[in-house]
Amino acid sequence: MSKELRINSNKFIDQTTRLSFKFNGEKLYGYKGDTLASALLANNIHLVGRSFKYHRPRGIMTCGSEEPNAIVQIGNDPSLTDPNVRATEIELYEGLEAFSQNCWPNVKFDIGGINNLLSPLLPAGFYYKTFMWPASFWEKYEFFIRHSAGLGKSPTKPDPDIYDHKYYHCDVLVVGGGISGIMAAKLSAENNNETLLLDDKNILGGATIYQNNDCFQIDSTHTNYWLEKEIKNIKNIKNLTIKTRTSLAAYHGYNYLLAKENLTDHLSPDERKGKIRQRLWKIRAKKVIIATGSIERPLIFNNNDRPGIMLSSAIKKFIDFYGVKAGKEITLFTNNDSAYETAISLKKSGVNIVSIIDIRDKSSSKIVKEVEKHNIKIYWKHTIVNTEGYRRISFIEIMQLSDDGSGVIGKKIKLKTDCLGISGGWTPMVHLFTQSGGKLKFRSDDNVFFTRQE
Amino acid sequence: MFIINCPYCGERDQTEFSSGGEAHIVRPKQPTELSDDEWAKFLFMRKNIKGIQFERWNHSHGCRKWFNVVRDTSNDKIHAVYKMGEKPPVNK
Amino acid sequence: MLNFETTVQDSKSYGDLTLSEVEPILKINLRSNKREFSTKIGKLLSIIPPIEANTSSSNEDYSILWLSPDEWLIYSNNKISYEQQNLLEENLFNNISNTNQGSVTNVTDHWVMINLKGSKIYDLLSKSSPYDFKNFKMKKGSVAQTLLNHTDVILHNIDDNNLNLFVRRSFSEDLWLWINDSARFL
Ligand SMILES: [Zn+2]
């Protein structure tokens, strides 16, 4: 474990309990409280997989269930191996073994990567169209296609684990244990409603529980301390049931919802023995409150998929929650104020920020002024035009935007960086709402699709 | 999985019930006088409406009584439940 | 349990949950939609069949469970010899069936009764029953017909944390095994 990528004090990570794990056969160390993703980043590993078609290198991009890249195979026991697990979701345990998917012979040297060079010859739909004909040849193609495009390996032996079911009836179900979910559950339970609060993480509090920025205060205390107190209090409300490590999977008619509770997936194989692995909750609620928050949007530019390019909010969570620096020379690229929160968090933990590139002409918000005090170079009205670095980002090229924003002007500036945080604004997680039949409408002041009341 | 309000037992999960198809289909008085086509029409042909449909349901894992349900098949919303022999609550 | 002669006869405990099969218990199914039926039963057993759905009425010797607007299940609260069972059945048969007041069917061997005791009863049942036990739990004497592990059951709340479960004999062994398997993890 690279010491220089860890900050020393952190209340969410137990730095006294060191855990060993393996990634692609290499023995590494992390701490209790880490996810596989945070432990890998602490070991300076960004490259975790390959893309599906062109086998381009893929790195950890987010720090939650929205992770599109860091998808790994856990274990190689023929009956227990688990494909397609997000490294950002799996909690680290002693003896965890993870493997990259989508690469052969290995993640650093991938023969399929040649597709990347051939990409002008591989148009969209190439696999589907080319290997359709003649029909009788499919059996021959199949072996190679499955080999080169496979999404993880299924277990080949029967599953020895025990799974449980539970029907649950409640007055109010609150999905999401962030600040709004917690307050909704509290209000609901205090008003004599049998309430169930679910969150997919191991602790409640969402993004607020590690928000220690001066600009975010409630009752003159930092929001993280304020919420911590609230969480302590709600644990004593008698009508309120709280389930963590439980993710909601389906929202059916008549408020029938399915959730998966993880009971032992975060434990080492020895601690799991004889215990139920997962429980399926079949919930029937009179009212459902969806408090699933938002996810940050990426920004679009040439080669924005290199390992080391992450959401700016993910960099913030890795430093504030896991105590892991995603890089040593971090650059931020943004079109809104959120990236400045990340900048302050990084600065506080002593990480060097190369610069902030902001598409906007200027912002005079409180948080931007705060950042300006720290003497961080901000390129207003600039955009990234290209990036370099094969297995990890190494350079970015930026240019000034023309006055109407339709093109770029001036000279290219080349900046050296080993990690780039991008922030394109926030998108509300409306998936459950739409699954329940809810309709959306576009809200132009912050460019999001939001719930529409019928 | 919807919830059906059995007119005898109250609200129960759909799993406790069995569907009996379209309701209010009158059996012809003289089946012997019907042509094969007419008889087949009575036996097999159903409206299968997208929208408000009158259906028979049986609380097979509860009180085992038959009753009628007015259900919108496009969103499973149940508008009314009434006992066998009772008049449909809305004009058909 | 499948074999009439070899009832489970034994009681299992899992933490705060005890299960046992209770035999021999008289069970009689009654069906009627006649007006005098209720008073007749009242005279014979000094207990009135409940009219309210999902309820029961009990006296010292018997409980009558509501199954449907025209159907009830009588069972004896205590173990009772087969001779006594036959006498009672005959008495009911003569006074109800033979006078055209309804039907009397001895279902003693049709249903198997399992008694569950302990604070974990509803944790066990909620593992595989879609029924909402909220009101059932609170009201002594409540009756519920529902599904437990895809099997039809009749549940009778006789006291706090104490209920009788009726399951058809042919399904009883399967359900007994399921209960024992699931109860390990309560
Ligand atoms: Zn019913």
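Would you say residue A:245 is out of contact with any Phe, Trp or Tyr (no Cβ under 9 Å at 6 or more places or on another chain) and basic (Lys, Arg)?
So residue A:245 passes the test.
Looking only at the range B:54-84, which residues are away from the ligand (no atom under 16 Å from the Cβ), open to solvent by 80 Å² or more (accessible area, probe 1.4 Å) and over 12 Å from residue B:5 (Cβ atoms)?
Across the range B:54-84, the qualifying residues are B:75, B:77.
Within the range C:50-86, take every residue that is assigned to a helix (DSSP H, G or I) and closer than 12 Å to residue C:28 by Cβ and give me the one that is most open to solvent (accessible area, probe 1.4 Å).
Among residues in the range C:50-86 that are assigned to a helix (DSSP H, G or I) and closer than 12 Å to residue C:28 by Cβ, the one most open to solvent (accessible area, probe 1.4 Å) is C:86.
Among the numbered criteria (1) closer than 26 Å to residue B:63 by Cα; (2) touching a residue at least 60 places away in the same chain (Cβ under 8 Å); (3) more than 16 Å from the ligand (Cβ to nearest atom), which single criterion is violated by residue C:17?
If we test residue C:17 against (1) closer than 26 Å to residue B:63 by Cα; (2) touching a residue at least 60 places away in the same chain (Cβ under 8 Å); (3) more than 16 Å from the ligand (Cβ to nearest atom), just (1) comes out false.
Would you check if there is a residue in the range B:83-91 being in contact (Cβ under 8 Å) with a residue 40 or more places away in the chain and within 14 Å of another protein chain (Cβ to nearest Cβ)?
Yes: one or more hits.
Across the range C:57-82, what is the total count of residues that are within 14 Å of chain B (Cβ to nearest Cβ) and touching a Lys or Arg at 6+ places or on another chain (Cβ under 9 Å)?
7
Kindly indicate the residue of the range A:281-294 that is open to solvent by 40 Å² or more (accessible area, probe 1.4 Å) and not hydroxyl-bearing (Ser, Thr, Tyr) and also farthest from the other protein chains (Cβ to nearest Cβ) among those meeting that condition.
Taking the candidates together, the pick is A:293.
Give the residue that is nearest to the other protein chains (Cβ to nearest Cβ), with candidates limited to residues of the range B:1-41 that are on the phi > 0 side of the Ramachandran plot and in contact (Cβ under 8 Å) with a residue 24 or more places away in the chain.
B:21
Identify, please: which residue in the range A:228-241 is farther than 22 Å from residue A:211 by Cα and in contact with a strand residue (DSSP E or B) (Cβ under 7 Å, 6 or more places away or on another chain) and is, among those, surrounded by the most Cβ atoms within 10 Å (Cβ to Cβ)?
Step by step, filter the range A:228-241, then rank; the result is A:240.
Scan the range A:395-418 for residues that are surrounded by 15 or more Cβ atoms within 10 Å (Cβ to Cβ) and out of contact with any Leu (no Cβ under 9 Å at 6 or more places or on another chain) and jot them down.
A:399, A:400, A:401, A:413, A:415, A:417, A:418
Name the residue that is surrounded by the fewest Cβ atoms within 10 Å (Cβ to Cβ), counting only residues in the range A:364-394 that are of a type outside the set (Phe, Trp, Tyr) and in contact with a Pro (Cβ under 9 Å, 6 or more places away or on another chain).
Here the residue is A:391.
Output the residues belonging to the range A:36-47 that are touching a residue at least 40 places away in the same chain (Cβ under 8 Å) and open to solvent by 10 Å² or more (accessible area, probe 1.4 Å).
A:43, A:44, A:47
Of the residues A:255, A:224, which is modelled with pLDDT of 95 or more, out of contact with any Cys (no Cβ under 6 Å at 6 or more places or on another chain), open to solvent by less than 50 Å² (accessible area, probe 1.4 Å) and on the phi > 0 side of the Ramachandran plot?
Answer to the selection: A:255.
Looking at residue C:105, is it part of a strand (DSSP E or B) and under 30 Å from residue C:90 (Cα atoms)?
Taking the combined requirement at face value, the residue satisfies it.
Check C:154, C:158, C:179 and return the single one that is open to solvent by less than 10 Å² (accessible area, probe 1.4 Å) and either more than 15 Å from residue A:166 (Cα to Cα) or not in a helix (DSSP H, G or I) (or both).
Details: C:158 fails: open to solvent by less than 10 Å² (accessible area, probe 1.4 Å); C:179 fails: either more than 15 Å from residue A:166 (Cα to Cα) or not in a helix (DSSP H, G or I) (or both).
Selected residue: C:154, the only one of C:154, C:158, C:179 that is open to solvent by less than 10 Å² (accessible area, probe 1.4 Å) and either more than 15 Å from residue A:166 (Cα to Cα) or not in a helix (DSSP H, G or I) (or both).
Counting just the residues of the range C:65-77 that are away from the ligand (no atom under 16 Å from the Cβ) and in contact (Cβ under 8 Å) with a residue 24 or more places away in the chain, which one comes out nearest to residue C:52 (Cα to Cα)?
Just the residues of the range C:65-77 that are away from the ligand (no atom under 16 Å from the Cβ), to begin with: C:74-77.
Cutting the leftovers down to in contact (Cβ under 8 Å) with a residue 24 or more places away in the chain gives us C:74-76.
Numbers: C:74: 16, C:75: 18, C:76: 21 Å.
Looking at residues that are away from the ligand (no atom under 16 Å from the Cβ) and in contact (Cβ under 8 Å) with a residue 24 or more places away in the chain, I get C:74.
Out of all the residues in the range C:128-151, is one or more closer than 19 Å to residue C:21 by Cα, away from chain B (no Cβ under 14 Å) and open to solvent by less than 40 Å² (accessible area, probe 1.4 Å)?
No, the range C:128-151 contains no residue that is closer than 19 Å to residue C:21 by Cα, away from chain B (no Cβ under 14 Å) and open to solvent by less than 40 Å² (accessible area, probe 1.4 Å).
So which of A:239, A:255, A:193, A:202 is touching a residue at least 12 places away in the same chain (Cβ under 8 Å) and more than 14 Å from every other protein chain (Cβ to nearest Cβ)? Even if it seems obvious, please write down each step before you answer.
Working: A:239 fails: more than 14 Å from every other protein chain (Cβ to nearest Cβ); A:255 fails: more than 14 Å from every other protein chain (Cβ to nearest Cβ); A:193 fails: more than 14 Å from every other protein chain (Cβ to nearest Cβ).
Result: A:202 is the single residue among A:239, A:255, A:193, A:202 that is touching a residue at least 12 places away in the same chain (Cβ under 8 Å) and more than 14 Å from every other protein chain (Cβ to nearest Cβ).
For the range C:120-141, what are the residues that are within 15 Å of the ligand (Cβ to nearest atom) and assigned to a loop (DSSP other than H, G, I, E, B)? Give the derivation first.
Initially, the range C:120-141 is screened for residues within 15 Å of the ligand (Cβ to nearest atom), giving C:130-132, C:136.
Selection gives C:130, C:131, C:132.
Listed residues C:54, C:33; which is within 14 Å of chain B (Cβ to nearest Cβ) and under 15 Å from residue C:165 (Cα atoms)?
C:54
Any residue that is β-branched (Val, Ile, Thr) and under 17 Å from the mean Cα position of the chain (by Cα) - is there at least one of those in the range C:86-100?
No: the range C:86-100 contains no residue that is β-branched (Val, Ile, Thr) and under 17 Å from the mean Cα position of the chain (by Cα).
Working only within the range A:261-280, note down all residues that are open to solvent by less than 60 Å² (accessible area, probe 1.4 Å) and in a loop (DSSP other than H, G, I, E, B).
Result: A:263, A:264, A:265, A:266, A:267, A:268.
Across the range B:1-53, which residue is farthest from the ligand (Cβ to nearest atom) among those that are within 19 Å of residue C:148 (Cα to Cα) and open to solvent by 80 Å² or more (accessible area, probe 1.4 Å)?
The extreme case among them is B:1.
The values are calculated or read from the model by the stated rules, or taken from the named source; none is laboratory data. This is a predicted model, so every value here is computed, not measured. A quick note on method: Cβ atoms are made from the backbone with ideal geometry, for glycine too, and the neighbour counts reach across all protein chains shown. Surface areas here come from the heavy atoms of the whole protein model, side chains and all, with no ligands, DNA or RNA. Shrake-Rupley method; radii C 1.70, N 1.55, O 1.52, S 1.80 Å.
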